[in-house]
Amino acid sequence: MDEEHFLERAKQFAHRLAELQNRLDPDSYDLLLRILRGINDAIVHRRDGGSDSGSVDVAFSPRDQDRFTPALSRELEELTSLLGPHGLRLVVDFGAEQERDRMEVEAIARVSGMDPGWS
């Protein structure tokens, strides 16, 4: 990526982030920034030849898990696409607790006569 292209993407990233700051609630925006810091740390560690291949865990509280909506995930994907082709792979894993919660919600929906529609 040449310097001009990099600078244009950096401007787009900054503009998009400013838009999100105005549009998102403060807690969701803070979560987004924490994730972006984790991504930055992963890129820096990978460039430094870190032994963990540049992976960084960002701790999510139960409230953070609720805030990490599909819409916020799409915004994060859009932002990371502007960072460039770094072989970036973003994995969000809430672990077994998330799966157990999903199964419980589906069971409640079925008992209520609803089709959860996301199985």
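Descriptive notes on the structure:
- Only one of the listed residues (Ala109, Ala96) is more than 30 Å from Lys11 (Cβ to Cβ), in contact with a Gly (Cβ under 9 Å, 6 or more places away or on another chain) and either at pLDDT 85 or above or among the small types (Gly, Ala, Ser) (or both). That residue is Ala109.
- Here Leu79 passes the criteria (1) assigned to a helix (DSSP H, G or I); (2) at pLDDT 75 or above; (3) surrounded by fewer than 13 Cβ atoms within 10 Å (Cβ to Cβ) except the one numbered (3).
The values are calculated or read from the model by the stated rules, or taken from the named source; none is laboratory data. Keep in mind it's a predicted model, so treat the numbers as computed, not measured. Note: ideal-geometry Cβ built from the backbone for every residue, glycine included; neighbour counts use all protein chains shown.
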